[in-house]
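Chemist: Sharing a structure below in structure tokens format, with a few things to ask.
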Amino acid sequence: MRTRRKSRISLPVKIVGIVLGVGLIFYLMSFQVQIADLEAQCEQLDQEISYKTMTNKELEDSLETGTTDDDIAKIAREILGYASPGERVFIDSSSK
């Protein structure tokens with residue numbers, strides 16, 4: 001009768017296997033972190049694209065309708081700081 005010999009893996013091979021396994025786990029975890037970062041960046045870019053698309057649509061509508069007197073008055077008030085004749089403009093200095 002033959003006796004079966006148990007094949008034993010030497011201790012250095014076990015240690016190398018464990019070290020490689022742990023290293024592989026950390027390597028895969030770092031990929032998961034990178035994937036999460038890239039997904040967050042993708043979501044941010046999607047929001048930026050939708051904002052830019054909306055802005056472009058507003059500009060296209062503005063080009064189609066032309067500039068109205070109300071648009072000119074709004075620009076004069078908000079950007080240039082003008083006021084209508086006889087109008088009093090109050091500036092809130094506490095917000096600065």
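Chemist: Mind checking which aspartates and glutamates have their Cα closer than 19 Å to the Cα of residue 52? Skip sequence neighbours fewer than 8 apart in that chain.
Modeler: 43, 60, 61, 64
Chemist: Also, quick follow-up: Give me the number: length gained by fully extending residue 13 to residue 39, i.e. 0.36 nm times residue separation minus the C-alpha to C-alpha distance, one decimal in nm.
Modeler: 5.5 nm
Chemist: To continue, here is another question. How tilted is helix 69-78 with respect to the longest principal axis of the chain? Cα atoms for both, answer in degrees (0 to 90, nearest 10).
Modeler: The angle comes out at about 70 degrees.
Chemist: Tell me the label only: which of (i) 1.31; (ii) 1.08; (iii) 2.74 is Cα Rg over 2.2 N^0.38 Å as calculated from this structure?
Modeler: (iii)
Chemist: May I ask you to give the solvent-accessible area per residue for the chain, in square angstrom, as obtained with a 1.4 angstrom probe?
Modeler: Result: 103 Å² of accessible area for each residue.
The values are calculated or read from the model by the stated rules, or taken from the named source; none is laboratory data. What you are looking at is a predicted structure, and each value in this text was computed from that prediction instead of being measured. Ligands, DNA and RNA are excluded from the accessible area calculation, which covers all protein heavy atoms including side chains. Shrake-Rupley method; radii C 1.70, N 1.55, O 1.52, S 1.80 Å.
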